[in-house]
Amino acid sequence: MEPSGGEQEPGAVSQDTDTACPRPRLLDLPWEDVLLPHILSRIPLRQLLHLQRVSKAFLALVQLHLARLRSFDSAQVGPQVPRAALSRLLRDSEGLQELCLESCRDWLSDEDLEPVLSRNPGLRRVGLAGCGRLSRRALVTLSLSCAQLRCLSLAHCDWVDGLALRGLADRCPCLEALDLTACRQLRDTAVSYLAQRRGAQLRSLSLAVNANVGDATVQELARCCPQLEHLDLTGCLRVRSDAIRCWAQGLGLGGQNREFY
């Protein structure tokens with residue numbers, strides 16, 4: 001049966017093949033002006049891993065896109081990212097401003113992280129919560145390479161000790177937000193040093209579930225951190241209610257823009 005109205009069946013070839021224009025292919029579109037900003041930027045990272053396997057041309061396109069990423073969250077790839085996949089995704093990146101590797105916590109080591117930090121000196125936000133296989137070396141590299149660092153999550157990183165925190169306090173002048181939840185090696189002296197060195201800039205600090213943090217820390221935060229808007233001391237059993245009350249009164253924490261736990 002012939003299609004009505006002169007229409008061709010799907011897949012049929014026009015008899016006018018001499019004059020017909022070839023259909024443009026995706027990769028024929030301008031990479032810089034069209035594909036990178038308007039198409040690849042909307043494709044989830046997990047799909048990009050599959051796309052780059054289609055051909056060498058797609059591999060080159062995806063790698064160019066990845067090299068220009070400003071933000072990378074490994075959770076967008078999957079709950080458990082393989083080491084090889086992360087290496088492929090970040091091997092050419094040099095302009096990252098945000099980096100979250102919390103879904104790599106089961107295997108991420110200093111050797112995996114340090115090259116990424118060194119290649120991306122513009123990093124401002126870094127999330128390493130639960131990455132228990134790292135060591136103080138990673139923080140040294142971070143503090144030496146990323147002078148613009150503003151926000152850092154080290155929650156549940158038992159390897160963070162006083163010496164590591166001191167190095168961070170000395171070398172990161174822009175630090176505004178720090179999550180030290182359950183960094184159980186930390187004591188009053190290290191947190192007090194952080195307050196003295198970076199207190200003028202600090203706006204958010206979590207010290208939750210740190211049994212070694214006590215009243216001395218609260219007193220130093222009250223003295224050195226006038227801009228602090230968020231403080232979490234949940235589970236800090238050595239912090240007495242009197243110290244908290246005095247600190248809150250001294251900073252006027254009744255203001256609507258301040259949070260205290």
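The values are calculated or read from the model by the stated rules, or taken from the named source; none is laboratory data. Values in this document were obtained by computation on a predicted structure and should not be read as measured data. Cβ placement follows ideal geometry from the backbone for every residue including glycine, while neighbour counts extend to all protein chains displayed. Just so you know, the surface numbers come from the protein's heavy atoms only, side chains and all, with ligands and any DNA or RNA stripped out. Shrake-Rupley method; radii C 1.70, N 1.55, O 1.52, S 1.80 Å.
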Item to check | Which listed residue, of Arg166, Arg119, Arg150, is free of Cβ contacts under 8 Å to residues at least 60 places away in the same chain and in contact with a strand residue (DSSP E or B) (Cβ under 7 Å, 6 or more places away or on another chain) | outcome: Arg150
Checklist entry - Are there any pairs, at least 6 apart or on different chains, whose C-beta atoms fall under 9 Å, with the first in region 54-70 and without any contact (Cβ under 8 Å) to a residue 12 or more places away in the chain and among the charged types (D, E, K, R) and the second open to solvent by less than 50 Å² (accessible area, probe 1.4 Å) and part of a helix (DSSP H, G or I), and if so, which? => result none
Next on the checklist: Condition first: buried (at least 19 other Cβ atoms within 10 Å of the Cβ) and either over 21 Å from Asp73 (Cβ atoms) or more than 19 Å from the chain's Cα centre (by Cα) (or both). Can you find one or more residues in region 147-159 that meet it?
Outcome noted: no
Next on the checklist: I'd like the residue in region 90-105 that is in contact with a helix residue (DSSP H, G or I) (Cβ under 6 Å, 6 or more places away or on another chain) and more than 18 Å from Arg124 (Cα to Cα) and, out of all such residues, is least open to solvent (accessible area, probe 1.4 Å).
Outcome noted: Cys104
Item to check | Criterion: open to solvent by 60 Å² or more (accessible area, probe 1.4 Å), modelled with pLDDT under 90 and among the hydrophobic types (A, V, I, L, M, F, W, C) - qualifying residue of Leu237, Leu253 | outcome: Leu237
Checklist entry - Can you pull out the residues in region 194-233 that are open to solvent by less than 50 Å² (accessible area, probe 1.4 Å) and assigned to a helix (DSSP H, G or I)? => result Leu194, Ala195, Arg198, Asp215, Ala216, Thr217, Val218, Glu220, Leu221, Ala222, Cys224
Next on the checklist: Could you list, ordered by first residue, the pairs with Cβ atoms under 7 Å in which the first is in region 199-219 and farther than 16 Å from Pro173 by Cβ and the second is among the β-branched types (Val, Ile, Thr) and modelled with pLDDT of 95 or more, at least 6 apart or interchain?
Outcome noted: Ser206/Thr181; Leu207/Val191; Ala208/Thr181; Val209/Thr181; Val213/Val191; Thr217/Val191
Checklist entry - In region 98-122, what residues are under 14 Å from the mean Cα position of the chain (by Cα) and of a type in the set (Asp, Glu)? => result Glu98, Glu102
Checklist entry - What about Ala60, is it at pLDDT 80 or above and open to solvent by less than 90 Å² (accessible area, probe 1.4 Å)? => result yes
Checklist outcome for this item: A careful count of residues in region 177-192 that are surrounded by fewer than 19 Cβ atoms within 10 Å (Cβ to Cβ) and within 20 Å of Thr141 (Cα to Cα) gives 1
